[in-house]
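Enquirer: Handing you this structure, nothing more for now.
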Amino acid sequence: MATTTATPLVTFLLRIADDNLVLAQRLGALLARMPELEEDIAVANVCLDHLGQARSLYARAAELEGLGRTEDDLAMLRDERAFLNATLVEMPDVDFAHTIVRQFFVDAYQVPFYGVLCGAADPVLAGVAEKAVKEARYHLRRSSTWVVRLGDGTEESHARVQAAVDLLWRYTGDLLATDEVEATLAAEGAVPALDDVRGAFDATVHTVLAEATLTLPTDPYQRLGGRVGVHTEHLGHLLPEMQRLYRSHPGARW
Amino acid sequence: MTVTEQATEAAMQERFDAMLAAGRKIEPRDWMPDAYRQTMIRQIAQHAHSEVIGQQPEGNWITRAPNLARKSVLVAKVQDEAGHGLYLYSACETLGIDRDELNRRLHEGRQKYSSIFNYPTLTWADVGAIGWLVDGAAITNQVMLTRTSYGPYARAMIRICKEESFHQRQGFEIMQTLASGTEEQRAMAQDALDRWWWPSISMFGPPDAESVHTEQSVAWGIKLETNDQLRQKFVDQTVPQADYLGLRIPDPELRWNEERGHYDFGAIDWDDFWKVVRGDGPCNRERLEHKRATWEAGAWVREAALAHAAKQAARNTTTEAGR
Amino acid sequence: MSAGEQGWPLWEVFVRADRGLNHVHVGSVHAADTETALQAARDVYTRRAEGVSIWVVRSTEIVASDPDGRDDWFGDLKPYRHPTFYEIPDAVGHM
């Protein structure tokens, strides 16, 4: 697999790109399924933002690795074990509450995360981050608005969104976890240290959940592994649907 | 009505007719004949429903688009359709009807949507065919509607036309890429054209001889050209495009008529057309079931938002009172 | 469609495309409250272009004049009025 020889920066870029692509893939399936027309339009906007971020990052990763791969080779030809997204973004859209909570956790992370990346040494990464942090702030405003309305809405909405939090919380650790890749990049001065991201994430989560009258699960277990290709069983169903057409016509232009 | 009321109503009707004749727009707070109001409501609502239902066949390929660029463009297109539906519902509501009521009429089959969306998108090439043919046909109609008499409808159509221009180009470009690609891709494109051609030219509705063309529709700016005129226009512009693509239109009677200066084409199967319009097309039941199921599944979300708003309002009142 | 389900109210949307220009009425959205109305307006009518200012107003809050001073002419006669331009007393319930 290419990742075993990839530089820390390329691996880092793929992690972020994969987060955004897998999430966009989930969101893209939701059009014409939302509770109101305004929500169909909103979810499409969020989907396009994440897709745009993924594409810019794949292009940069492909350029840096210098193997002649394109954004589509990276998206469509890698198998599950080579994908480096966090487990959270693979989680399915059980209902609107799951969609919103998954998004809220991603947004609460991406705002401080992209904020740090604005200081990346790589100008392309820094440029992507500057645009993405604005998008993430808008996403966070929208998702936190919905978390509050569902949590502090009706009994039914409260039950559903609490169930979503109870399920999805254990996949958030994978977003926040860092390893030798981030450590190396920080030591090299390529990417600033990400130490403050968890604090900012926790603060946002606690504030919004409190306003939403929701609680976090007490079980401390976190399902890690996505960053090294050990995904949940969901990814193995998501990728074939996305990749099939590209793979079944090798070399074709679309 | 009293004599005064009758005289007043006659005066209003005269004024209304004069405005139409002068090409002035009718605006929401104007007096209008009830028939005009009801016709406009139905016309605009069915146009809106078409946009919304249209999200389904196209949205069907978002998760399986062949590359990231095509995926992005398709998401943007389906989003536009939702947006166009929304502009049209918004225009319709100015006539004194609620969007929820329009939804109800759609779900109960009392209002319709364009029959073209009752066909399945079986391959990626179908996405191209829809953009090229269906959007192409729709545009023929839409430009005409920017001049319609009802102000909010005309303004919504202007906004829609501005955004529509890239849809047809994208569809044609997909077909072009396929038609000049591998054997399988060429076959995929030809197969899509074979299935979408006849439904697309049927979109313009029954032949003039059989359709109810009232002077009313012309006066109200709903129909400025006849079904057959629009259909002929569409065929004339599309045949050269198919030739350019190197694809064959599935009509053995299609040929250029030098005398008429137009393409002659074969007879449409109107029995099949009416069958689909009446509800027995390949996807009619699925489209409405999907729409209804989505609406019902979202009820708890809509209720939650209202419940929260009510709680907030109560809290604000309490805060105010406590000052 | 559940009988008696109350819908999200209607909001009129006004957009100022750039500094130096006026806010212009562009259409309407349905939303349950001001925050989601603003977000919906931004998503639908501006596709989130930056530097744009948006106003949302409950349709029931709009007070409109009759064009051409028709009220002066007709006194008590009630020509058709757009229902959302008028306050419905709470006692009457949802209309």
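Enquirer: Within the bounds of the range A:226-242, is there any residue that is in contact with an Asp or Glu (Cβ under 7 Å, 6 or more places away or on another chain) and either over 30 Å from A:Asp79 (Cα atoms) or open to solvent by 40 Å² or more (accessible area, probe 1.4 Å) (or both)?
Expert: yes
Enquirer: Another question, then. Being buried (at least 16 other Cβ atoms within 10 Å of the Cβ), modelled with pLDDT of 90 or more and of a type in the set (D, E, K, R) is the filter here, so list the residues in the range B:156-172 that pass it.
Expert: Correct list: B:Arg159 only.
Enquirer: Just checking, does the range B:246-269 include any residue being over 30 Å from A:Leu150 (Cα atoms) and assigned to a helix (DSSP H, G or I)?
Expert: No: zero hits.
For every residue, the table says whether it meets (1) in contact with a Leu (Cβ under 7 Å, 6 or more places away or on another chain); (2) within 14 Å of chain B (Cβ to nearest Cβ); (3) surrounded by fewer than 24 Cβ atoms within 10 Å (Cβ to Cβ).
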{"site": "A:Val89", "(1), (2), (3)": "yes, no, no"}
{"site": "A:Ala97", "(1), (2), (3)": "yes, yes, no"}
{"site": "A:Val101", "(1), (2), (3)": "yes, yes, no"}
{"site": "A:Pro112", "(1), (2), (3)": "no, no, yes"}
{"site": "A:Ala120", "(1), (2), (3)": "no, no, yes"}
{"site": "A:Lys131", "(1), (2), (3)": "no, no, yes"}
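Enquirer: Specify which of the listed residues (B:Pro152, B:Pro120, B:Pro57) is open to solvent by less than 20 Å² (accessible area, probe 1.4 Å) and either away from chain A (no Cβ under 14 Å) or part of a loop (DSSP other than H, G, I, E, B) (or both).
Expert: After applying the criteria, what remains is B:Pro152.
Enquirer: Give just the number: which of (1) within 17 Å of B:Tyr150 (Cα to Cα); (2) surrounded by fewer than 19 Cβ atoms within 10 Å (Cβ to Cβ); (3) facing chain A (nearest Cβ under 9 Å) does B:Ala69 not satisfy?
Expert: (1)
Enquirer: Hey, among B:Arg64, B:Arg15, which residue is open to solvent by 10 Å² or more (accessible area, probe 1.4 Å) and within 11 Å of chain A (Cβ to nearest Cβ)?
Expert: That would be B:Arg64, the only listed residue that is open to solvent by 10 Å² or more (accessible area, probe 1.4 Å) and within 11 Å of chain A (Cβ to nearest Cβ).
Enquirer: Continuing with this model, one more query. Modelled with pLDDT under 95 and surrounded by 12 or more Cβ atoms within 10 Å (Cβ to Cβ): is that true of B:Val277 in this structure?
Expert: Answer is yes for this residue.
Enquirer: Identify all residues within the range A:132-185 that are charged (D, E, K, R), within 18 Å of the chain's Cα centre (by Cα) and not in a helix (DSSP H, G or I); write none if there are none.
Expert: A:Asp179
Enquirer: Given the criteria more than 13 Å from chain A (Cβ to nearest Cβ), buried (at least 18 other Cβ atoms within 10 Å of the Cβ) and hydrophobic (A, V, I, L, M, F, W, C), does B:Val127 qualify?
Expert: Here the answer is no, as B:Val127 does not meet what is asked.
Enquirer: Across the range A:40-75, what is the total count of residues that are more than 8 Å from chain B (Cβ to nearest Cβ) and more than 16 Å from the chain's Cα centre (by Cα)?
Expert: 15
Enquirer: Take B:Asp135 and decide whether it is on the phi < 0 side of the Ramachandran plot, touching a residue at least 60 places away in the same chain (Cβ under 8 Å) and away from chain C (no Cβ under 14 Å).
Expert: So B:Asp135 fails the test.
Enquirer: Taking the conditions exactly as written (at pLDDT below 95 and open to solvent by 10 Å² or more (accessible area, probe 1.4 Å)), does A:Thr5 satisfy them or not?
Expert: In short, yes.
Enquirer: So, in the range A:202-225, exactly how many residues are assigned to a loop (DSSP other than H, G, I, E, B), touching a residue at least 40 places away in the same chain (Cβ under 8 Å) and either closer than 26 Å to A:Asp179 by Cβ or open to solvent by 20 Å² or more (accessible area, probe 1.4 Å) (or both)?
Expert: 10
Enquirer: Which ones in the range B:72-117 are among the acidic types (Asp, Glu), assigned to a helix (DSSP H, G or I) and surrounded by fewer than 24 Cβ atoms within 10 Å (Cβ to Cβ)?
Expert: Selection gives B:Asp80, B:Asp100, B:Glu101.
Enquirer: Filter the helices (runs of 4 or more DSSP H) completely within the range A:20-130 down to those with at least 2 residues that are polar (S, T, N, Q).
Expert: Helices (runs of 4 or more DSSP H) meeting the threshold: A:37-65, A:96-117.
Enquirer: Going by what's in this entry, would B:Ile44 be described as among the aliphatic types (A, V, I, L, M), within 17 Å of B:Gly151 (Cα to Cα) and modelled with pLDDT of 95 or more?
Expert: It is true that B:Ile44 is among the aliphatic types (A, V, I, L, M), within 17 Å of B:Gly151 (Cα to Cα) and modelled with pLDDT of 95 or more.
The values are calculated or read from the model by the stated rules, or taken from the named source; none is laboratory data. Please read these numbers as outputs of a predicted model, since none were measured by experiment. Using ideal geometry, Cβ is built from the backbone for each residue, glycine included, and neighbour counts are taken over all protein chains shown. Remember, those area values only see protein heavy atoms, side chains included, never the ligands or the DNA or RNA. Shrake-Rupley method; radii C 1.70, N 1.55, O 1.52, S 1.80 Å.
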